[in-house]
Amino acid sequence: MLKTPIFSMLTVVMLSACGSSTTDTSPPISTAPPPPPAASNTVNVAENKLGAWLFYIDEPGLVRTNHADMATYLASMGVKRVFIKISDINYQWTSNKITFSEDAVNCGVWQDACEPANLQYYKALGIEPWAWTYNDTHSVDEQADMLYAAAKVGYQGFVLDIEAEFNNADQPLHDLLQAYHHRLRQARAEGLIDNRFLLTATSWGNPKDQGMNISIIDQYVDAHMPQTYVEKWGGNYLADIANTIKLGDCEYRQLGATKPIWHIVSHEDNIMTAANLDKFVHHAGPHASLWRIANASLATAPEAMNWQQLSYAPNDCSDNNLELGQTSQLNLVPYYNQLDNVNQPTSTCSVTSLAMVTDFFGITQPSDTVRVPDQLYQRYGLLQDVPVLSGAFNQLALEAGSSARATGLTNGTFAQLQEHVSKGLPAIVHGWFTPPGHILVVTGYDGDYYTVHDPYGKWDLTKFGGYDTSVSGKNIRYPKAEFEHAINDNGTGDDLWLHLFAPQTAD
């Protein structure tokens with residue numbers, strides 16, 4: 001049912017074609033005068049990632065009816081991303097659920113979307129294929145199979161479509177996103193993807209009115225993709241596109257969005273002209289996308305719009321929306337605090353760090369009775385030098401049938417550490433964070449800071465220093481200079497005690 005718009009006054013609009021809703025999407029009628037144009041400056045970028053959405057490749061009347069021709073068509077316009085539906089939990093799920101057989105993925109009615117050869121048509125023409133799925137509150141583990149399937153067949157990103165089923169439903173939202181993170185971690189640990197594979201979510205353009213908890217979604221995704229359907233809302237929302245996008249950005253920020261916001265514009269009603277679409281993109285940014293590629297009667301404006309646009313107008317709430325070249329900053333490595341360990345809690349930084357990494361690779365699993373750090377201590381003791389710690393990991397991996405292996409170094413370099421964690425893979429490093437020494441997990445590096453899981457709490461940034469153990473060490477960011485000083489003795493950065501963990505590929 002339509003409500004009086006309050007998105008600040010945006011009306012309830014379901015991505016009905018994108019999902020499973022039958023909600024009335026008639027545009028609201030607005031009689032209020034349009035607000036004054038928002039002041040903006042212009043930012044020029046070197047490239048864009050403008051995208052287009054597909055519903056079904058065999059949809060009746062679709063402008064191109066196979067992936068080879070569709071790839072050529074989209075490339076001729078200048079599209080940089082294509083969003084392809086890979087599954088839908090609410091469409092005849094019993095007969096169409098995703099299954100795996102050896103290296104193949106079976107996607108039922110969406111099998112064309114699960115064929116690597118079809119994705120290659122897009123990649124060969126410089127288009128990134130991303131998978132998308134509609135989601136619901138049940139069967140969350142089976143829904144997460146959709147992401148694993150996407151990683152396995154070669155997609156370069158993934159979008160969850162999260163709509164009415166999750167309005168005012170916080171715990172189901174956590175459950176769904178945690179299941180997806182489990183599969184995302186597995187795909188990265190197996191080497192199917194690296195941190196260039198981004199996980200995003202599309203939801204309402206007016207989430208406050210819908211009761212959608214954006215702050216929860218923000219914890220699990222690399223970007224938000226609101227359905228900013230000015231064509232369906234009509235009135236002043238279409239008349240003042242710049243301000244509508246600003247309102248959407250600000251509402252998302254107010255609800256807890258810290259990640260980039262990449263708007264989707266709808267052209268299903270054939271109202272927006274190419275000039276309207278260009279204006280939308282100009283204010284939405286270089287990650288905007290068009291819902292959707294359809295039949296020839298809806299092709300005129302998309303074919304005429306400027307897919308090469310490199311000039312954008314940020315607003316007061318744009319923040320990081322215009323950034324390009326993102327890699328995933330999602331920390332998929334589990335965290336343990338060594339002070340919760342049963343045995344020698346102040347001395348077990350080594351096995352606590354190892355437990356985080358073995359859990360990441362699926363080699364160990366948390367138990368209801370014995371935490372993984374305690375399991376490792378019971379078997380190995382403290383593991384405080386390089387050969388024994390890496391050796392324990394490799395033994396556990398071999399026993400678990402995992403392809404992951406540790407490379408232990410006593411002459412590691414800053415460059416090796418930075419390159420490794422920048423791929424989204426964990427490393428363990430020894431250093432003089434305390435007088436007796438300390439061991440922790442490094443999960444990321446951005447040029448200025450190292451992101452770590454510190455099992456002891458928060459370091460005071462002093463070599464041979466101390467800790468605030470009352471603070472969680474999860475996802476702590478330590479400045480580059482201080483961190484490197486603590487892990488290096490000779491001053492040249494090539495004597496690190498370092499463990500690099502990665503899946504091994506068969507020759």
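Cβ crowding within 10 Å ranks 183, 379 as 379, 183, fewest other Cβ atoms first. Figure legend: label point modelled 7 angstrom from the Cα of residue 56 along Cα→Cβ; residues of region 133-161 with amide N under 18 Å from it are 133-135.
For region 43-312, what is one quarter of the convex hull surface built on the Cα atoms, given in nm²?
13.5
The 3J(HN,Hα) values that the Karplus relation (6.51, -1.76, 1.60; θ = phi - 60°) gives for region 283-298 are, in residue order, 8, 7, x, x, 10, 5, 8, 10, 9, 8, 6, 9, 8, 4, 5, 9 Hz. Gly and Pro appear as x. A crude spin-label estimate for the pair residue 448 and residue 192, with each label 7 Å from Cα along the Cβ direction, gives 3.5 nm.
Potential lengthening of the chain between residue 111 and residue 468 amounts to 123.2 nm, from the contour at 0.36 nm per residue minus the alpha-carbon distance.
Taking every alpha-carbon pair under 8 Å whose residues sit at least 6 apart, region 338-503 reaches a relative contact order of 24 percent.
Note: relative contact order over region 43-312, using C-alpha pairs below 8 Å and six or more positions apart, is 21 percent. Taking the chain as the reference, fit the longest principal axis to its C-alpha atoms, fit the long axis of helix 170-189 to the helix C-alpha atoms, and give the angle between the two in degrees, 0 to 90, nearest 10. Relative to the chain, helix 170-189 is tipped by roughly 60 degrees.
Candidate cross-link partners of residue 463 among the lysines, defined by an alpha-carbon separation under 28 Å and a same-chain spacing of 8 or more, comprise 423, 474, 480.
Antiparallel beta bridges, as assigned by DSSP with both residues in region 43-312, represent about 15 percent of the total such bridges. 3J(HN,Hα) along region 433-443, derived from phi through the Karplus expression 6.51 cos²θ - 1.76 cosθ + 1.60 where θ = phi - 60°, amounts to 6, 9, x, x, x, 8, 10, 8, 9, 9, 10 Hz, with x in place of Gly and Pro. For residue 208, which aspartates and glutamates qualify as cross-link partners when the Cα separation must be under 18 Å and same-chain residues fewer than eight apart are set aside? Counting by Cα, and skipping residues close in sequence, residue 208 has these aspartates and glutamates nearby: 161, 163, 165, 170, 218, 249, 251.
Of all the Cα-Cα pairs you can form in region 275-383, what percent are over 18 Å apart? Here the tail beyond 18 Å accounts for 65 percent of pairs.
Only one item in [x] 183; [y] 162; [z] 268 matches volume of the Cα convex hull per residue in Å³ derived from the coordinates shown, and that item is [y]. For the chain, the longest principal axis of the alpha carbon atoms and the long axis of helix 349-360 meet at an angle near 40°.
Between the helical axis of 241-254 and the longest alpha-carbon principal axis of the chain there is an angle of about 30 degrees.
No lab work stands behind these numbers, since they all come straight from the coordinates. In this text, all values refer to a predicted model and were calculated from it rather than measured experimentally. Reconstructed Cβ throughout: ideal geometry from the backbone, glycine too, with neighbour counts over all protein chains shown.
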